[in-house]
Amino acid sequence: MLTQIRAETLTSTPMSNFLNMVMLVGRCGQDPELKYFESGAVKASISLAVRPPYRSEQALWFDLVAWGNQAEIIGNYVRKGTQIAITGEFGFDRWADRNSGVTRQRPVITVNAIELLGGRKEEQPSNTETAIANANF
């Protein structure tokens, strides 16, 4: 019932309202880079590789940024190769080039929620190890 209400709400809203939501599932391309600020804020930056089903030979790469609790979770539990699912907002990181003074930008996704789906490929136990682990509860 709730999903029906949400779908109806999205279709009945005026064109002046917009939705900026990104949902991705993929594997992390590197260990997270954490930055701690004097204000106490924490920021995590990471890249995510997503293989679309229609073109499985080449991954699409996305730069992710997380703040606060999401950044702490990423810093504590995510490593290169970890499979995660995120929801976030699409935006741009803008800065002035130090040499030329030209404004530059790059697309970035700000993480609102993260779900850990599994470890790195080499960390996942084999079927035999899984059977033994499940037998020893």
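Extension gain Val25-Phe90, at 0.36 nm per residue separation less the Cα-Cα distance, in nm?
Full extension from Val25 to Phe90 adds 21.9 nm.
Figure note: Leu116, Leu60 ranked by solvent-accessible area, largest first, 1.4 Å probe, ligands and nucleic acids not counted: Leu116, Leu60.
The values are calculated or read from the model by the stated rules, or taken from the named source; none is laboratory data. On a predicted model such as this, the values are computed, not experimentally measured, just so you know. Heads up: the accessible areas ignore ligands, DNA and RNA and are worked out on the full protein's heavy atoms, side chains in. Shrake-Rupley method; radii C 1.70, N 1.55, O 1.52, S 1.80 Å.
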